[in-house]
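Beneath this line is the structure, given in structure tokens, with notes to follow.
The values are calculated or read from the model by the stated rules, or taken from the named source; none is laboratory data. Quick caveat, the model's predicted, so the values are computed rather than measured. Note that we place each Cβ from the backbone using ideal geometry, even for glycine, and neighbour counts take in every protein chain shown.
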Amino acid sequence: MKCTGKEWDHCRVEKMGCFGCHYNENKIYIHYGARHFDKNLFQEIKNIPFVKPEGGLWASDVKAKYGWKQWTEDNCFMTDKYREDNCFKFKLKENAKILMLKSKKDLEKLPKYNVPTFNSKLFNWLDFEELKKQYDAIEILIDQLYWELYGWDCDSILILNKEIIEEVQ
């Protein structure tokens, strides 16, 4: 199922095979590594030969089951940079179009990026440059996608459009 037009007005979150709404207008996300959001530092999305693109803004839901902060602590990864005093919280503007990915099936119909030097059957190289034409953000619940999107590591949201961010206290 592809949500369009009328469905966006109600749900605003596309879920292929939608089983109920995930979107919550009051949802708050957290980005570690900067104290405030600076639009001038936002880099446009660019496909690279990896399961993640370059650019965008990465964050996790503050109530994530397994978010970025927990992953960095569990893996002793740059914990000096990703601290509670070096982060900012934000919500998404009302008109944001979010692609929610929760399962392998959600990946099937998405555009793929062809990386000739790699076996595309082994990796899900999503075409993020194409996806940003339709969506403002991609939210991943990693439980069932860990091996499909190996490298995403935790529940996260990738902001593709800097205009949808509303910083909150």
Self-check item: Only listed residue being modelled with pLDDT of 90 or more and aliphatic (A, V, I, L, M), chosen from Ile159, Ile142
Solution: Ile159
Quiz item: Looking at Lys63, is it at pLDDT 90 or above, surrounded by fewer than 18 Cβ atoms within 10 Å (Cβ to Cβ) and in a loop (DSSP other than H, G, I, E, B)?
Solution: yes
Self-check item: Residues of the stretch 74-96 that turn out to be surrounded by 12 or more Cβ atoms within 10 Å (Cβ to Cβ) and touching a residue at least 60 places away in the same chain (Cβ under 8 Å), as a count
Solution: 7
Exercise. Please find, within the stretch 138-169, the residue that is farthest from the chain's Cα centre (by Cα) out of those that are assigned to a strand (DSSP E or B) and surrounded by fewer than 20 Cβ atoms within 10 Å (Cβ to Cβ).
Key: Val168
